[in-house]
Amino acid sequence: MGTGPVFFRAIRIEMPVPAVYRRLGFRTASTCVTAAQKAGIDQVLDEAASLVELQGSALIIPVRGRQGEETILQTGDVLKSAKLAKMLDDAGEVLFMGATAGQRIMEEIARDSSSENLSRAVLLDAVASEMTDKALDWISEYMGAVLRRTGKILTSRRFSAGYGDLGLENQKIMYERLRMAELGVVLTDSFILVPEKSVTAIAGIRGNVRQGT
Amino acid sequence: MKDRDGIRSRLASGLFILDGAAGTQLQARGMPSGACPELWCLENPEAVKAVHRDYLQAGADVVYTCTFGGNRFKLSEYGGANAFEVNRDLAILARQAVGDACLVAGDIGPTGRFIEPFGDIPFEEAVAAFKEQVRGLLEGGVDLFAIETMVDIQEARAALIAVRELTSAFTIVTMTFESSGRTLNGTDPLSALVTLQSLGADAVGCNCSTGPEEMIPLIRAMAPYARVPLVVKPNAGLPALVDGETVFPMSPDAFSGFGREFVSLGVNFLGGCCGTTPAHIRDLKEKTRGVPVKERGYAVSGTLSSSRKTVLLRQGGPLLIIGERINPTGKKDLQAELAQGRMALVKRFAQEQVRNGADLLDVNAGMPGIDEVGTLKEMVKVLSVSSDAPLCIDSPIPEAIEAALRIYPGRALINSISGEEGKLDKLLELASRYGAMFILLPLTGRKLPRKAHERQAIVEEVYERASRYGFTKDDIVVDALTMAVSADGSAALETLAATRWCAEVFGARTVLGLSNVSFGLPERKWINAAFLAMASAGGLTLAIANPMNEEFMHVKRASDVLLNRDPEARAYIAHVGKQQEGIVTQKGSSAQAVGQAATPLERVYGAVLDGSRGEIADLIEQALSGGVPCQKIIDEGMIPAIKEVGTRYEKKIYFLPQLIASAEAMKSGFEILEPLLKQEGGISARKGRVVLATVQGDIHDIGKNIVSLMLKNNGFDVIDLGKDVPHEDIVAAALRHKPHIIGLSALMTTTMVRMKEVVEEVRKRGITCPVLIGGAVVTKAFADTIGAHYARDGVEAVKIAQSLVEGARAIS
């Protein structure tokens, strides 16, 4: 992947409105919303879309070796997780991905929370969360298409630091390799990414391409 | 036949068959997975020559050089070979393989990076990198160029500009569209076509990502507006994962079966991409042999594009609005921001104007004391990312216009080009080079043309000059000049006459900056609105205006209806209907909640139930005026309503935004009633006191804020310590405030362990009140292990808090 990560300065995706509604507890079978309430919610979702500034970065790193539950990367980084090691079992490389919704929407959420406009804050928060997740999907799809042309494929699953048995301290490796500081993201001493709607993930790269029939 | 004109004349009578996939062909000849194809081909020249020959023998009229990744960015992943030499040598190999039997296209693929403003690579760096390739390919003797598999329209532009600045060779540009119908970066086929054909691409189309069937709608979208030939190079179907390998399943027979359909849609270049083989190309050639090329006309229409949207300037269509607010003149806040290099207001003005009906955005950076060239360029970059509306570049400085046009990832409208000598040719050359449309201003820098016929003469003169640069009337918009009627009573009539002449006689689209007409008069909005209606009836296509002006936009929509530019008044009805629905529903909502015969108390209940925070003050006032005591409003109106909200939330009839809106309405009501209660000598009984915090290391607090609101609404005093709170501070607050409950929130598995520390510390200090915890990853089981209570959400938190406090009172 060259000498550094690929940066995506303007990831633009359609807002996943059904996912946002679901995150807020909407259930198709039971939840009732009046036309006025829906119009009000949709207006805020519209505003949220203009506040979210999705950016991301991606980096391919070759795997140097494996020792039990440790995957050792060419960079010298060691990822310790039995589940991750299993997923990367036949992967010759890993893909690091990171995405952030940016600072603007978080500032707006904080402003709404402190001015007691919490109903708007929860909508903005839900939009930021869903769109950050979708940004990772976008990066994954883009990198998958790039890799496919070279005869490789991405694992369908991905791992994030702090989930399963992949400790949160691995966030530091992801943060530094992805140079997320250049996306305006900060890593706290307790390995939390700030702005809080920022995520990282690891996928494996393997496989081959052939013609059918 | 090899030069641009030769290829164009061949296209008039026949198709070009392009080659198929190279990667899989090279792998079949031993290229290992993960190798750099360009370098491997140079090390194995006979293999790549064999691939080219196979495609020639299959019937390809054009073979692509094996230089898809031959740019410095891609080559640096494999040690950084010299891009010029790699491209030159691979072009020579292609020529050696096919001789003069077919054309050799210099293949330019993506860098694997995104180009500013969508990525980190500076635009000029991308152009320079592509120029290295182009020079090498020219030196190697290619006949034409093929820029392909582009996801990012800006990268496609950079490559096309690189080619155009070095050669006039025939250039194909194809982009890669997903099954959604857009590129991954959001560009739709029509916007790609408009941008690229106006920038000088000789043929435009699509390749890769999907099979032939999925490309048919893409070509259908492009064909009506394509002034250039169309290209398709599909994959051999959609890829499938079989035994851990990606397989392209489409057979040559199935693949080539789409050939005739593409030709009937007007495609002139057909080939194959991933998964295709010489057999696919051979079948394609056979199946399209003798099929007559479709004579494809195109819709006459001015077109402007952003990276994600095209606006058609249709004569007879609705009046289009160019939003005028992104202009620092008279706007101190915007001036201050631009002087500091900040763009927040630029973005906000863009979003507001589009939301209020602007179709295009005028962008102007003219103010004293700043670098207008640099600032305008930055504004264009920011707007390219933050808004879908195509841009109108507004500057009198040619260098500023050039900088903006070069970086803009779409087809822009230049505001404006006049007949003023000294600038005319320079601006026409710029507009031509970057494929922009322009607003033609009938001024010469000499006498101001007061009469319509004087303006008409200047329009014809300037157009004659513009036509020497290749412009047609589809590429211009005429501004007939709006003068103030306060200075000249016949000014509006002259403008209307000139506008009508442009539309009906000259045959060009028209624009006016309408508000100038009322300068110097009071109540300008009525003059402007009347002038708008008259100009619309006279054939006006575009208006430069402030879309935030409601009266103006209402008259615009009404004019569209009256002039039959809004079929069945759909847009008008939709807009008016939306406004009325908001009003009716707001008024009706509390009645809907409780039935039509609502008492004041019932309406207060309904307002809390509906979350109508804006209404509750008035409704409480009505109830108080009607003699309902404060306490009764609370006890029989608001509290039952919020309990019902909680019940509906638990049953998932309400979801979170409704719960919060109701809680906020309740809170607004309390803020009005509590002071009145105190005056009356009644004090609403507080149920208890809660110290609330998100634990140390955790910065998430929305859930905690929701709990805080719910508790306050239900009669609790809440001391909210905020987020990332060290346990010493929580303990100190507990010692100071002596709460009935300590509430803790954490969102992460790594921070929820702090809750245990807080509980231990609190007990060590002799604080015996219960601890209530919650958060996305917190569970009852965890709460049990640390000796705390657990609440799933705000509603449950209130119930548990109430029971804890009542339980404590019962004991004491």
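The values are calculated or read from the model by the stated rules, or taken from the named source; none is laboratory data. Note that the coordinates shown come from a computational prediction; the quantities given were computed from them, not determined experimentally. No Cβ is skipped: glycine too gets one built from the backbone with ideal geometry, and neighbour counts run over all protein chains shown. When the accessible area is computed, the model is the full protein with side chains, heavy atoms only, and any ligands, DNA or RNA have been set aside. Shrake-Rupley method; radii C 1.70, N 1.55, O 1.52, S 1.80 Å.
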* To do: State in Å² the accessible area per residue of the protein assembly as shown; use a 1.4 Å probe, count heavy atoms of protein chains only, and round to the nearest integer.
  => 39 Å²
* Structure fact -> Packing-ranked peptide list from B:161-168, A:121-128, highest mean Cβ count within 10 angstrom first, is A:121-128, B:161-168
* To do: First check a/c for the range A:29-132, with a ≥ b ≥ c the square roots of the eigenvalues of its C-alpha gyration tensor; if it is under 1.5, answer rounded, and if not, answer prolate when a/b is larger than b/c or oblate otherwise.
  => prolate
* **Net dipole in debye of the range A:1-158 [+1 Lys, Arg Cβ; -1 Asp, Glu Cβ; about Cα centre; nearest 20]** => 540 debye
* To do: Bin width 20 Å, alpha-carbon pairs only: give the P(r) of chain B as whole percents, running from 0 to the bin holding the largest distance.
  => 13, 31, 30, 22, 4, 0
* Go through the range B:326-333 residue by residue and turn each phi into a ³J(HN,Hα) via Karplus (6.51, -1.76, 1.60, θ = phi - 60°); whole Hz please, and just put x for glycine and proline. => 7, 8, x, 4, x, 10, 4, 4
* Structure fact -> Where a ≥ b ≥ c are root eigenvalues of the Cα gyration tensor, a/c under 1.5 meaning rounded, otherwise prolate if a/b exceeds b/c and oblate otherwise, chain A counts as prolate
* Compare the Cα positions of B:Leu338, B:Thr187, B:Ser536 along the charge dipole of chain B (+1 at Cβ of Lys, Arg; -1 at Cβ of Asp, Glu; about the Cα centre) and return the one farthest towards the positive end. => B:Ser536
* To do: Return the average number of partner chain Cβ atoms within 10 angstrom of each residue Cβ along peptide A:17-26.
  => 3
* Long-range amide H contacts for A:Met15: which residues qualify at under 5 Å (H placed 1.01 Å from N, peptide plane, sequence gap of 5 or more or a different chain)? -> none
* Asked: Sorted by mean Cβ packing within 10 Å, highest first, what order do the peptides A:99-109, B:763-773 take?
  -> A:99-109, B:763-773
* **For residues of B:67-79, the mean tally of beta carbons on other chains within 10 Å** => 1
* Asked: In Å and whole numbers, how far do the C-alpha atoms of the protein assembly as shown stretch along each principal axis, longest first?
  -> 102, 88, 53
* Run the 1.4 Å probe and let me know the accessible area of B:Trp501, rounded to the nearest 10 Å². => 40 Å²
* Structure fact -> The percentage of the accessible area of the protein assembly as shown (probe 1.4 Å, all protein chains present) made up of carbon and sulfur atoms, to the nearest whole number, is 52 percent
* To do: Tell me what the protein assembly as shown gives for mean residue ellipticity at 222 nm when only DSSP H runs of n ≥ 4 count, each as -39,500 (n - 2.57), the sum divided by the residue total, rounded to 500 deg cm²/dmol.
  => -14500 deg cm²/dmol
* Structure fact -> For B:Ile414, the residues 5 or more places away or on another chain with a placed amide H closer than 5 Å to its own amide H are B:Ile393, B:Met437, B:Phe438, B:Ile439
* Structure fact -> Lys and Arg at +1, Asp and Glu at -1: neighbours of B:Ile786 with Cβ under 10 Å from its Cβ sum to -2
* Structure fact -> On protein heavy atoms with a 1.4 Å probe, the accessible surface that disappears when B meets A, both sides summed and given to 100 Å², is 5900 Å²
* Structure fact -> Whole-Hz Karplus couplings 3J(HN,Hα) for the range B:626-639, θ = phi - 60° and coefficients 6.51, -1.76, 1.60, Gly and Pro as x, run x, x, 7, x, 3, 4, 5, 4, 5, 6, 10, x, 7, 5
* Could you state, as a whole-number percent, how many of the C-alpha pairs of the range A:76-135 are farther apart than 20 Å? => 50 percent
* Asked: To the nearest 10 degrees, how steep is helix A:103-114 against the longest Cα principal axis of chain A, on a 0 to 90 scale?
  -> 40 degrees
* Asked: With charges set only on the Cβ (+1 for Lys and Arg, -1 for Asp and Glu), what does the dipole of the protein assembly as shown come to about its Cα centre, in debye to the nearest 20?
  -> 960 debye
* **Counted charge near B:Ile115, where neighbours are those whose Cβ lies closer than 9 Å (Asp, Glu -1; Lys, Arg +1)** => -3
* Taking K and R as +1 and D and E as -1, what net charge do the other residues with C-beta under 9 Å from the C-beta of B:Cys36 add up to? -> -1
* **R0 of 30 Å, Cβ-Cβ distance A:Tyr163-B:Thr647: FRET efficiency to nearest 0.05** => 0.30
* With labels modelled as points extended 7 Å from the Cα through the Cβ direction, what inter-label distance (nm, one decimal) is found for A:Thr75 paired with B:His737? -> 4.3 nm
* Structure fact -> To the nearest 0.05, the calculated FRET efficiency linking B:Glu504 and B:Ala530 through their beta-carbon distance, R0 being 30 Å, is 0.90
* To do: Answer rounded, prolate or oblate for the range B:655-750, using the Cα gyration tensor with square roots of eigenvalues a ≥ b ≥ c: rounded when a/c is under 1.5, else prolate when a/b is larger than b/c, else oblate.
  => oblate
* How long is the gain from B:Ser264 to B:Met367 if the chain were fully straight, where each residue apart is worth 0.36 nm and the alpha carbon distance is subtracted? -> 31.7 nm
* To do: Using all C-alpha to C-alpha distances in the range B:389-500, build P(r) with 10 Å bins and read off the rounded percent in each one.
  => 14, 45, 30, 10, 0
* Size descriptor, Kirkwood hydrodynamic radius, that averages inverse alpha-carbon separations across the range B:771-811, Å -> 10.5 Å
* Asked: What is the average number of partner chain Cβ atoms found within 10 Å of a Cβ in B:663-674?
  -> 1
* **Vicinal HN-Hα couplings computed from phi for the range B:449-461 (Karplus, 6.51 cos²θ - 1.76 cosθ + 1.60; Hz; Gly/Pro x)** => x, 7, 9, 4, 5, 5, 5, 4, 5, 5, 4, 5, 5
* Asked: Taking the Cβ-Cβ separation of A:Ala181 and B:Ala240 as r and a Förster radius of 41 Å, what is the calculated FRET efficiency to the nearest 0.05?
  -> 0.55
* Asked: Reachable aspartates and glutamates from B:Lys764, Cα under 14 Å, same-chain residues fewer than 8 places away excluded?
  -> B:Glu728
* Is there a pair in B:Lys49/B:Lys233; B:Lys74/B:Lys377; B:Lys447/B:Lys525 whose C-alpha atoms are over 24 Å apart, and which pairs would that be? -> B:Lys74/B:Lys377; B:Lys447/B:Lys525
* To do: Two decimals is fine: what is log10 I(q)/I(0) at q = 0.21 Å⁻¹ for the range B:166-301, from a Debye sum with one equal scatterer on every Cα and no solvent?
  => -1.26
* Structure fact -> With the label point 7 Å along the Cα-to-beta-carbon line of B:Leu676 and a cut-off under 20 Å to each amide N, the hits in the range B:694-734 are B:713-715
* Estimated inter-spin distance, B:Arg355 and B:Arg8, nm [label 7 Å along Cα→Cβ] -> 4.7 nm
* Asked: Taking a probe of 1.4 angstrom, what is the accessible area of A:Lys38 in Å², to the nearest 10?
  -> 90 Å²
